[in-house]
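The values are calculated or read from the model by the stated rules, or taken from the named source; none is laboratory data. Keep in mind that this is a model prediction, so the values were computed, not measured. So basically every Cβ, Gly included, is an ideal-geometry build from the backbone, and we count neighbours across all protein chains shown.
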Amino acid sequence: MKEFLKKIIPNIIFEQPGYFQRDRKRVLALKNKFKGERCFILGNGPSLNKADLSKLENEYSFAVNSIYYKTRENGYKPNFYVVEDKHVINDNLKEIDSYQSDYMFFPSNSKRRMTKSDNRFFINLDYSFYVSSSANYEKSQFSFDCENKVYCGQSVTMVNLQLAYYLGFTEVYLIGMDFSYAVPDSVIKNGNVWESTEDDPNHFHPNYFGVGKKWHDPKLDNVLQSYQLCKKVFEQDGRKIFNATNGGKLELFERVDYDRLFESKQS
């Protein structure tokens, strides 16, 4: 039946419930909208507290999940706001749904729970990376047609990098990517889903994955695999990903000094 429907209605997207042709068209309208521009993708490590985010006021930036803590702290707001993880949505639905950014990307299977508006885009996320029965389990993939699907890959940064590429950005600067985790002994583990029982030591705010919030085994080897694929894709197209994090352990990407990136604009 599925193959038959594909023949008579070829543009239907089947992968994720709630993803419809109108969603696809809205995402497609963004393709290469920012061609040739540079952008910043924020990680959520403690090193983010060392970065002067006011410098991003006239830059394009991506941020995720509980970045609203930074917004409350210093007024920073990203141009692009992305959430991938259903646990993050479940634990922070009110804050996420009330947050505002120029472009907001959510999984289409969360659509019924979220307020609809012109700046909100519901994307077809392929979660097969996390499904042990899938042939693509823990195998990184990169989407060149984000209007059809975007692949998950252990870190929401993987989603951001695919979107940044799709939107046309040619230089991407990562900040707050500490690429290290300290797992408290008090964490309650249920397979790959972990529940915190105390302040979060791994992110820029203690409540990020604080008491009662769920998160996943970080599996940094899988994160690195996804980053390696992104690096290859960008460089094959003459684009570049840089690491502008203050410290941290991510050495895959060429390091640059965050503050120096703005010197020419200030002079």
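Within the option set Thr197, Thr157, being of a type in the set (Ser, Thr, Tyr), over 19 Å from Lys33 (Cβ atoms), loosely packed, with under 15 Cβ neighbours inside 10 Å and in contact (Cβ under 8 Å) with a residue 12 or more places away in the chain holds for one residue only, Thr197. In the set (1) crowded, with 18+ Cβ neighbours inside 10 Å; (2) in a helix (DSSP H, G or I); (3) in contact with a Lys or Arg (Cβ under 9 Å, 6 or more places away or on another chain), the condition left unmet by Ile96 is number (3).
Filtering region 127-152 to residues that are in contact (Cβ under 8 Å) with a residue 24 or more places away in the chain, within 20 Å of Tyr103 (Cβ to Cβ) and not aromatic (Phe, Trp, Tyr) leaves Cys146, Glu147, Asn148, Lys149, Val150, Cys152. Pull up region 210-226, narrow it to residues that are part of a helix (DSSP H, G or I) and either touching a residue at least 60 places away in the same chain (Cβ under 8 Å) or in contact with a Cys (Cβ under 6 Å, 6 or more places away or on another chain) (or both), then point me to the one that is farthest from Asp91 (Cα to Cα). Among residues in region 210-226 that are part of a helix (DSSP H, G or I) and either touching a residue at least 60 places away in the same chain (Cβ under 8 Å) or in contact with a Cys (Cβ under 6 Å, 6 or more places away or on another chain) (or both), the one farthest from Asp91 (Cα to Cα) is Gln225. All of Leu250, Leu261, Leu229 fail the test of being assigned to a loop (DSSP other than H, G, I, E, B) and not polar (S, T, N, Q), apart from Leu250. In region 163-180, the residue that is modelled with the lowest pLDDT out of those that are surrounded by 17 or more Cβ atoms within 10 Å (Cβ to Cβ) and in a loop (DSSP other than H, G, I, E, B) is Phe179.
Looking across region 159-192, just one residue is of a type in the set (Asp, Glu) and touching a Ser or Thr at 6+ places or on another chain (Cβ under 9 Å), and that is Asp178.
Of all residues in region 62-109, which are without any contact (Cβ under 8 Å) to a residue 40 or more places away in the chain and among the small types (Gly, Ala, Ser)? Passing the criteria: Ala63, Gly75, Ser98, Ser101.
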